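J.: Quick one: this structure, given as structure tokens, is what I'll be asking you about.
The values are calculated or read from the model by the stated rules, or taken from the named source; none is laboratory data. What you are looking at is a predicted structure, and each value in this text was computed from that prediction instead of being measured. We work out accessible area using only protein heavy atoms, side chains counted, and drop any ligands, DNA or RNA first. Shrake-Rupley method; radii C 1.70, N 1.55, O 1.52, S 1.80 Å.
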Amino acid sequence: MERTYIMVKPDGVERGLVGEIIKRFEQRGFQLLALQLLTPTKELLEQHYGDLAGKAFFPGLIKYMLSGPVVGMVWAGKQVVKTGRVMLGATNPLDSAPGTIRGDFCIDVGKNLCHGSDSVENAEKEIALWFPNGVASYTRHIESLIYE
Ligand code: RTP
């Protein structure tokens, strides 16, 4: 089953939106495979956001992500990478539709609450980076209520 890495950023944790974000993925029918709260190191963040190293906003992004703990999760399910991004909303919250997480709870791109992997390949890289000890799978007994 496809997997994605979803992360509640420091503003989302401080604002008490972890439960709300988990709730939306649970209600949709996706399966939670891993969950951790941690304060990331600068090195970990620079690896995670390596593709953005040349961007003008990169130093501010790292500072923002270092401002407190994050909650990282692995979710599994059919097309969970693409659907997870739709559920998060556009990167710039002012472009995010109401009903999405960003569209319902935030305004500025530099405080956009959450991260979601943008491809299946990057999802697997991010899961390996954030969960270096691996992620176990487990059988859920409600699959027939979620999938036809
Ligand atoms: P994310 O990785 O956090 O899910 O975001 P994304 O793919 O939608 O967007 P990306 O371009 O990868 O940017 C990563 C994060 O950098 C911050 N950002 N700030 N000030 C700016 O113009 C700007 N642009 C991006 C956001 O926190 C964005 O989520």
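J.: Per residue, what accessible area does the chain have, given a 1.4 Å probe and all protein chains present, in Å²? Walk me through the numbers on the way to the answer.
T.: On the way: 8070 Å² over 148 residues.
Accessible surface, normalised per residue, equals 54 Å².
J.: Counting only protein heavy atoms and using a 1.4 Å probe, what share of the accessible area of the range 66-148 belongs to carbon plus sulfur, as a whole percent? Numbers along the way, then the final one.
T.: On the way: 2550 of 4560 Å².
Carbon and sulfur: 56 percent of the exposed surface of the range 66-148.
J.: In straight Cα distance, which aspartates and glutamates are under 15 Å from Lys63, not counting same-chain residues fewer than 8 positions off?
T.: Here the aspartates and glutamates satisfying the reach criterion relative to Lys63 are Asp11, Glu43, Glu46.
J.: When DSSP assigns beta bridges and you keep just the ones with both residues in the chain, what percent turn out antiparallel, to the nearest 5? Don't skip to the answer; put the middle values down first.
T.: Values: 16 of 17 bridges.
Taking every DSSP beta bridge with both residues in the chain, the antiparallel ones total about 95 percent.
J.: A follow-up question, please. Which whole-number percentage describes the relative contact order of the chain, with Cα contacts under 8 Å and a sequence gap of 6 or more?
T.: Details: 227 pairs, mean separation 52.7, N = 148.
Once normalised by length, the contact order is 36 percent.
J.: What whole-number volume per residue, in cubic angstrom, does the convex hull of the C-alpha atoms of the range 45-104 give? Numbers along the way, then the final one.
T.: Details: hull volume 7.3 nm³, N = 60.
With only Cα atoms used, the range 45-104 gives 121 Å³ per residue.
J.: Report, to one decimal in Å, the Kirkwood hydrodynamic radius for the chain based on all distinct Cα pairs. Kindly include the intermediate steps, with their values, before the conclusion.
T.: Numbers: mean 1/r = 0.0639 Å⁻¹.
It is 15.6 Å.
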